[in-house]
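Below is one structure, written out as structure tokens; the observations come after it.
The values are calculated or read from the model by the stated rules, or taken from the named source; none is laboratory data. Just so we're clear, the structure is a prediction, and the values are computed from it rather than from any experiment. Note that each Cβ is placed from the backbone with ideal geometry, even for glycine, and that neighbours are counted across all protein chains shown. The accessibility values were calculated without ligands, DNA or RNA, using every heavy atom of the protein model including side chains. Shrake-Rupley method; radii C 1.70, N 1.55, O 1.52, S 1.80 Å.
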Amino acid sequence: MSRDMMINRSLVASGDTKPWTSRGRLVLATVFMTLAVFAFTTSTSAAAEPARSAQADGLLKKMSDFMSGLKSFSVDTTNTMEYIDTNGQKLDFGANGKASVMRPDRLVAHRVDLNQDDSVYYDGKTVTVYAKQQNFYATAPVPANLDDALDFMRDLIQIDLPGADLLYSDIYKGMTWNETSSSYVGKESIGGKSVDHLAFRTPEIDFQIWIQDGDQPLPMRYLITSKWVTGAPQYGVEMSHWVVNPKLDPKIFEFKAPAGATKIDFLTSQGAKP
């Protein structure tokens, strides 16, 4: 899930997480919701002025530069979502996924749990979302580069991929444009790999990111807290099995409708047509 989508996550706050309407139109705000884990607390006094850590900002920029230099990559994801029920109790849900990117204009992502098996295909011209269990799919034309396509998917047709902020060509700019403070938390371990734990604050959300140490500064975990939504729900994605610059077959980004699949329409924001 992206930072922008977290700011307006009223759908989750209301408890409406059904991905399909009775009219058979696709509601995608929840199809690829990413997930919540752990809150970050600081020992800084509430009266203290927000501070920016040059070390944290530098490590985030290093990661961003490394990712933007990759021509292609594949990664497995474990997504978590924190849901707050009508009694105020927090419930955690999880899903597994996989994403492959070939710059500048190819993306395929899958998300699987016990209730859904969904995929997104972007081939440089169109985006298609396929729900395997329902055997439904929807397709729309989108811009011919990944950055603009991600904006289009999020803002118009409500597709929000797990860790979408980490798919842009300039991750640093997108994540820090309204940053109010940053901090370097310390060294930790994820999957046996040494990582740097960073924490950031913005007016609307807080986020944390864990970046692999060494000459491949890959993001390993990303957590977002929507602090002004009741209960401050959190969403996160943990990444593993990175493959950098693989030779990907362009055909994996193309959707071929399975036999008997039903084509439906996207339910777009504000009733607009893509």
> Which of the residue pairs K125/K256; K98/K193; K90/K132; K193/K251; K62/K90 have a Cα-Cα distance greater than 25 Å in the structure shown?
Replying inline: K90/K132; K193/K251; K62/K90
> In what sequence, largest accessible area first, do W177, W242, W210 appear using a 1.4 Å probe?
Replying inline: W177, W242, W210
> Which cross-chain or sequence-distant (5 or more) residues have an amide H under 5 Å from the amide H of A232, H modelled 1.01 Å from N in plane?
Replying inline: none
> Ranked highest first by the average count of other Cβ atoms within 10 Å around their residues, in what order do 161-170, 254-263 fall?
Replying inline: 161-170, 254-263
> Taking the Cβ of S189 as the center, what net charge do the other residues with Cβ under 15 Å away carry, scoring Lys and Arg +1 and Asp and Glu -1?
Replying inline: -1
>> Sort H110, H197, H241 by heavy-atom solvent-accessible area, probe 1.4 angstrom, most to least.
In response: H241, H110, H197
> N245 label point, 7 Å along Cα→Cβ, cut-off 19 Å on backbone N: hits in the stretch 61-97?
Replying inline: 62-75
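Which shape class applies to the stretch 135-274: rounded if a/c is under 1.5, otherwise prolate when a/b exceeds b/c and oblate if not, where a ≥ b ≥ c are the square roots of the Cα gyration tensor eigenvalues?
Oblate, since a/c reaches 1.5 and b/c is not below a/b.
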> Ordering R221, R52, R111 by how much accessible area each has at a 1.4 Å probe, largest first, what is the list?
Replying inline: R52, R221, R111
> What nm value, rounded to one decimal, do you get for the distance between V112 and F93 when each label is placed 7 Å out toward the C-beta?
Replying inline: 1.9 nm
> Can you tell me the accessible area per residue over the stretch 85-177, all protein chains present, probe 1.4 angstrom, in square angstrom?
Replying inline: 45 Å²
> Can you list residues whose amide H is under 5 Å from R52's amide H, if they're 5+ apart or on another chain and H is modeled 1.01 Å from N?
Replying inline: S182
> Expressed as a whole percentage, what fraction of the accessible surface of the stretch 112-198 belongs to carbon and sulfur atoms when a 1.4 Å probe is rolled over the protein heavy atoms?
Replying inline: 52 percent
> Relative contact order, percent, of the stretch 194-255 when contacts are C-alpha pairs under 8 Å separated by at least 6 residues?
Replying inline: 22 percent
